[in-house]
Amino acid sequence: MSNPFPLGQPAFVSDVLDRAAHLRTDDAKLMAMEERSTTRAHVVHRDSLLVKHEEGGPRALLTIKEALALGANPGTIFLGLRDGAAVFGMGIGAAAVDKLVGRTDAGLAELRGMAMQGQLPVEQLSAIAMAKSMVNWHQRHGFCANCGAKTAMSQGGWKRDCPSCKAEHFPRTDPVVIMLVTRGDQCLLGRQKQFPPGMYSCLAGFVEAAETIEDAVRREVVEESGIICGDVRYYMTQPWPYPSSLMIGCTAEASSDAVTVDHNELEDARWFSRDEAAQMLKREHPGGLFGPHPFAIAHHLVGRWLEGHS
Ligand SMILES: [Zn+2]
């Protein structure tokens, strides 16, 4: 098998846990695993993680005892096994978060910033993404979408059941296409208003109901930039826990040149030469422009194209 990550790894894609899904229905075993000394938990609050501050940096993998002592909610989500040891996801309420203010030994730290600065072990990022998406899903699905009754967690956190209408609710993943559009030696990059000044990245958008990935790529590109695309090729995917997307990385070949930016979606979009795109990835662009961080799949779409792949 060829190296799937010629440019290094984007976040959240490697060192995945053994999900051990057969254990989700075994409540007695899950409870026993919570008690084991080898068991660990990631505690999530919105876009942040509960961490212990230690000499070597923040530690986001806590014992269940530590998590509970810091105020995490007792409900656990079984994420899976690493080397036979259980890893759980947990949430923490706003009142408990308030009590952490001023503590020097522990507190909340923003996931994206820590990951981008390499403060978290890369091998933990996939499980952290799972914890973040799952905790967020439970927080937003306390009531049945079918009848409005209060739902209850089951199957180690991988299902919510409605006691009233008996509907079963499962966590969802939202597919997003993210694409590098190229034409000869140029690539199309855009910037959203909320990007840091100078940053450009690949265009992206949600796949809609009954839409193929290829059609979603062509539709998003023409909507946002007016560019018409022909061939679309799949490269790789990246789980993106904001809150629960799957980024589907593609390349697309443009068959038109004139960019018309949809300013509701983007602040700007334009063609960049190979040289400029290379400078932007290396953060050496003379105009101070820069591309996406290696943390994100967009960096790898651009980098791979620069290496000569289509
Ligand atoms: Zn219901």
Please list the three semi-axes, largest first and in whole Å, of the ellipsoid equivalent to segment 1-79, using sqrt of 5 times the eigenvalues of its alpha carbon gyration tensor. 26, 21, 11
May I ask for the net charge around residue 70, where only other residues with Cβ less than 13 Å from the Cβ of residue 70 are counted and Lys, Arg are +1 while Asp, Glu are -1? +2
Place the peptides 45-52, 127-134 in order of packing, highest mean first, counting for every residue the other Cβ atoms within 10 Å and averaging per peptide. 127-134, 45-52
Indicate the gyration tensor shape class of segment 174-306 (rounded, prolate or oblate), computed on the Cα atoms with a ≥ b ≥ c the square roots of the eigenvalues: a/c under 1.5 is rounded; otherwise a/b larger than b/c is prolate and the rest oblate. rounded
Rounded to the nearest 20 debye, what is the charge dipole size of the chain about its Cα centre when +1 sits on each Lys and Arg Cβ and -1 on each Asp and Glu Cβ? 980
How big is the shadow of the Cα convex hull of the chain, averaged over all directions, in nm²? 18.9
Mean Cα-pair separation over length for the chain, i.e. relative contact order, pairs under 8 Å, 6 or more apart, %: 17
The set of residues whose placed amide H lies less than 5 Å from the amide H of residue 11, leaving out same-chain residues fewer than 5 positions away, is 296
Pseudo-spin-label distance residue 183 to residue 100, built 7 Å along Cα→Cβ, given in nm, is 4.8
Taking 4 °C and 1.567 mPa s as the conditions, I'd like the Stokes-Einstein D for segment 84-222 in µm²/s, using the Kirkwood hydrodynamic radius from alpha carbon pairs. 68
Could you check the simple spin-label distance between residue 145 and residue 170, using points 7 Å along Cα→Cβ, in nm with one decimal? 1.3
Excluding residue 263 itself, what net charge comes from residues whose Cβ is under 11 Å from its Cβ, given Lys and Arg +1 and Asp and Glu -1? -4
Hey, if you drop one equal point scatterer on each alpha-carbon of segment 27-137 and run the Debye formula without solvent, what base-10 log of I(q)/I(0) do you get at q = 0.19, 0.22, 0.23 Å⁻¹? -0.95, -1.28, -1.40
Above-threshold pairs, the threshold being 23 Å between Cα atoms, out of 29/150; 52/193; 52/159; 65/132: 29/150; 52/193; 52/159
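Throughout, read-outs are computed from the coordinates displayed, never taken from laboratory work. Values in this document were obtained by computation on a predicted structure and should not be read as measured data. Using ideal geometry, Cβ is built from the backbone for each residue, glycine included, and neighbour counts are taken over all protein chains shown.
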